[in-house]
Each structure stands twice: as C-alpha cells, then as structure tokens.
Amino acid sequence: MGLRPAEARSRRKRAGAIAVLVAVMLLAAPPALAASDIGLVDPADGRWHLRDAGTGLVTSFFYGDPGDVPFTGDWDCDGVDTPGLFRPSDAFAYLRDANSTGIAGIRFFFGNPSDVPLAGDFDGDGCDTVSLYRPAEQRFYIVNELGSDDGGLGAADYTFDFGNPGDTPFVGDFDGDGVDEVGLHRKSTGLVYFEDALTPNAGGGAADHEFIFGDPGDRFVAGDWTGAGNSTPAVFRPTDCTFYLKHANSLGVADDTVAFGEPAWLPVAGDFGLTGGAPPGPPCPQPPAAFSATYRLTFTSTWSAATHPVSFPAVPHFSGLIGGAHDARVSFWESGGQASQGIEDMAELGSKTALRAEVEAAIAAGTARSVISGGGIGLSPGSVAVTFTVDRDHPLATVVAMLAPSPDWFVGVSGLDLFEGGTWAERKVVTLYGYDAGTDSGPSYGSPDADTDPAEPIARLDTPPVGNGAPVGEYVFELVSVGP
C-alpha cells in the first residue's frame, strides 16, 4: 500500500484516515516531521524571502504587486507550501504552485477589500484552502474548496464569531490532529488566544487557551518550529528584525531567535520545500533613537495613617518637586553621600531655591540640560505631575520632594537613566521610601530644629514613624514624545 500525498505530508498535513495510518505504520516507521520554515515579504515591491529551517539559506523571488497581502498554503496537495496573495484593490486571491517568480496558477474573487485572508487545511483532507476573517464583524468564514479560476470563492461552509475589534487572525494546527484551527493576536498587548476546536464555542464564549507572547507591535505567525506535529507561536519584531519562536503554547520567553529581514516586511510560514538559496543579508539597519525625549512624571503618594500609623501628622503633605535632567558627570544626591545645601534646604524647609541654583550651575557647566520643577501634594494621599525633557547627552533624571512635616525627611530618585539599550524607555516606575538627609537629628514629624553637627550621610529611613517598611508612594515616568 502506498501513501497518498496528503498522508505523507509533514507536520499538520500528515494525517489521513486512521485505517491508512495504521497500515502505513505496519509497513514502515513514519518519516520524521519537518520543521516549518519562516519567510518575509516586502509589501513595497512584492519580493518574497523564504528561509530554509535546515540550512538557514534564503530563496528570494518576486510575486505580486505593491500592497498585496501575502499568505502561504499547499494549493495542489503536494506537501509544499507556496505563495498566495489577496489584492484589496480588486478583492481577488492569486495562488501560485511554485516558490519562484511567475504568474498565478489560479485566481478567484474573494470577499471584501477589508477582509483578511486565511489559509489552512480546515477539513483534514491534506489540502489547503482560502478562507477569510471579516474584522468589521469579528467573524470567520471557512471555505473547504478553492475558488474557480476567475470566478468566485463560493459560499462559506460555515461561519462563526470570534475575537475583538482590532485583533489579527491566524491559523495553525495547535493540537496536532491534522485539522487547522484559528486564533487571534492582540498586537497592542501580545495576547494570543485560540480554542481546541475549529468552531470556537459554537460561535461565542471565552477562549480555551490564552497567553501573552511578544511585545506590542510584533507581527504574529504560527508554525511547527520543532517538527513535533503541532503549531506554536512566533513573532517578527520590526524594531530589531528578529523572529522570536516559542515551542509551546504557553506564557514564557522565546525558545529560539532568528535575525532576518527588514522592518517593513511581513512574516509568513510554511513547509516551503526549499533547496539552495543564499545567506541572509546583514541585520537590518536600526534607525538612531531620537536625540531628545519628553516625559511625564506622575508622583502618587500613598503615605497615610493606614500605611504609617505611628504618630501620623494632622496635615501630611509633600513640597514641590525639584530636580534636573543631567548626565553621569554630576550627582545632586545619593544614598551614603553628604547632602548639599540644596538637598538640606529642600529636606528641612521644602525650599527649591538652593537646589535649583545647583542644577542651573550644572547646566552652565554642560553636565545638565534643564531644571525639573513641579507642584507638591497638599494633602497625602494625593498625586501631582510634571513634564520635562531629556536628551541623549543628558538622559538621567533626579527629582526630590520634602516629606512634611518632618525634621529633614524626603523622597526622590537620583540619576534614573531613561535611555537604555539604545532606546528611550516607554515607562519606568520607582517605588518611593523615605530618606533622612542627615542634617537634622529630630526623631519625629514635629520635632524642633536640631542641627546634626557634623552632618551624617543621606540614608534610607529604617525605623518608624516613616521607616516601617511600607512605601510612601511612587514616581511613574512615561514617555510622551521624542524629538529630533
């Protein structure tokens, strides 16, 4: 007994009737499954770049027009995935049976211009067909036959609702049963979700599987990256032109990475049956990060009688925010260091004047860019915000405020780096605890003035009433915009 092509296909396309599989197993050991290949398509010129998983070599060819939506599938049931295109301008699908430059072998009318094409083996017969997802309805239309040449795709075999507005659909055989299922990827958060059956919950309900994989903005694709027989996720990250492949359908970091392509290219996956090819080009050029960035700092205090019950004052408040954007050549305060006059005046009196002068002196010396100055919190708990700008020469932020009333206690951050790994941080959170400036020896909120002579080093408060282990608030730094 010989194998039909559909039964010999690797990965998700290997399963035919159970009786045939049993007969084959009696005759010979099953062939090893091939791992899926990855590819990228340049939407600007229709050039495809398909990478062989075994050799790492890339086969490149032209197919399609600028603006076409690429996908892949096994249109002739020979076990090899080849290109497909959806052209929104005429709502036609164009399918080709070879991974090479040429014209479409079959073309047919396909849905609406805003529909998303889906290719898969949705009935387990070993042949891929083209279906669609209609984002306006969050509805899948599954079709188990290819359209006739220059005709229509035909009516859907069945339809169902699944997904949320803005989510991107994908296809894969996630349970390894030889039938493809559908899922959705939320680009804004990296959420991946799908069900065990092709028809999710008979058209409604929550997904059976969901997890986060990747970063916001990643482009999702699914494939059998290990030859295990089931599909798992991958993302192409435009910011570093790298595929991140995961070998299980669960939360976690990538198991493999492949640097490949250009930021604007679109990912595809399949069993491409490649031979030969060329080494991939050099890593994609990364645009330099913008020179300057504007941040919004939100100071939220949690200091209250509930968090710090010992001798809590009647009017708890914080002085105005004060600090600067600077470089590593200057520091305005640090734990274990001596308080400057500016830090002493801020911590004892809530005065900004001397510390502002210290920052302005650093600006004149070229070690700082600007003063950071904002309002205070009149009654804690509370919140206040200030906007400021840093640049790549001065990427550090120092901001402090007096915790009042107190002898010389304050909160703050010193030299927080907002430019790391070649890019501006999207968001940073600093949990705040009280510090003693070391310039006054009063032990409680309302202690009379008692200068510490000589002054002691700045230190985090570790005893009540403030130093009881509970934070007094947080600073949240959020990127607002970047400049030239």
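Quick notes
- Meets criteria (part of a loop (DSSP other than H, G, I, E, B) and open to solvent by less than 30 Å² (accessible area, probe 1.4 Å)) for HIS308: yes
- Whichever residue in segment 339-373 is in contact (Cβ under 8 Å) with a residue 24 or more places away in the chain and touching a Leu at 6+ places or on another chain (Cβ under 8 Å) and, among such residues, is nearest to MET402 (Cα to Cα): MET346
- PRO471 being out of contact with any strand residue (DSSP E or B) (no Cβ under 8 Å at 6 or more places or on another chain), modelled with pLDDT of 95 or more and surrounded by 12 or more Cβ atoms within 10 Å (Cβ to Cβ): no
Here is a yes/no grid of residues against (1) open to solvent by 50 Å² or more (accessible area, probe 1.4 Å); (2) at pLDDT 95 or above; (3) in contact with a helix residue (DSSP H, G or I) (Cβ under 9 Å, 6 or more places away or on another chain):
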position: GLU420; (1), (2), (3): yes, no, no
position: GLU456; (1), (2), (3): yes, yes, no
position: ALA459; (1), (2), (3): no, yes, no
position: PRO464; (1), (2), (3): yes, yes, no
position: GLY467; (1), (2), (3): no, yes, no
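- Restricting segment 152-183 to residues that are open to solvent by 50 Å² or more (accessible area, probe 1.4 Å) and assigned to a loop (DSSP other than H, G, I, E, B), the residue that is farthest from ASP208 (Cα to Cα): GLY154
- Residues in segment 392-408 that are touching a Phe, Trp or Tyr at 6+ places or on another chain (Cβ under 7 Å) and open to solvent by 10 Å² or more (accessible area, probe 1.4 Å) were compared, and the one that is nearest to ALA314 (Cα to Cα) is PRO405.
- Which listed residue is under 27 Å from the mean Cα position of the chain (by Cα) and either assigned to a loop (DSSP other than H, G, I, E, B) or not small (Gly, Ala, Ser) (or both), from THR431, THR398, THR463: THR431
- Residues located in segment 311-346, provided they are of a type in the set (S, T, N, Q), part of a loop (DSSP other than H, G, I, E, B) and closer than 22 Å to THR367 by Cα: SER331, SER335, GLN338, SER340
- Considered as a group, the residues in segment 127-142 that are over 17 Å from THR72 (Cβ atoms) and aliphatic (A, V, I, L, M) include one that is least open to solvent (accessible area, probe 1.4 Å), and that residue is ILE142.
The values are calculated or read from the model by the stated rules, or taken from the named source; none is laboratory data. All figures in this text were calculated on a predicted structure; none of them were measured in a lab. Note: ideal-geometry Cβ built from the backbone for every residue, glycine included; neighbour counts use all protein chains shown. The accessibility values were calculated without ligands, DNA or RNA, using every heavy atom of the protein model including side chains. Shrake-Rupley method; radii C 1.70, N 1.55, O 1.52, S 1.80 Å.
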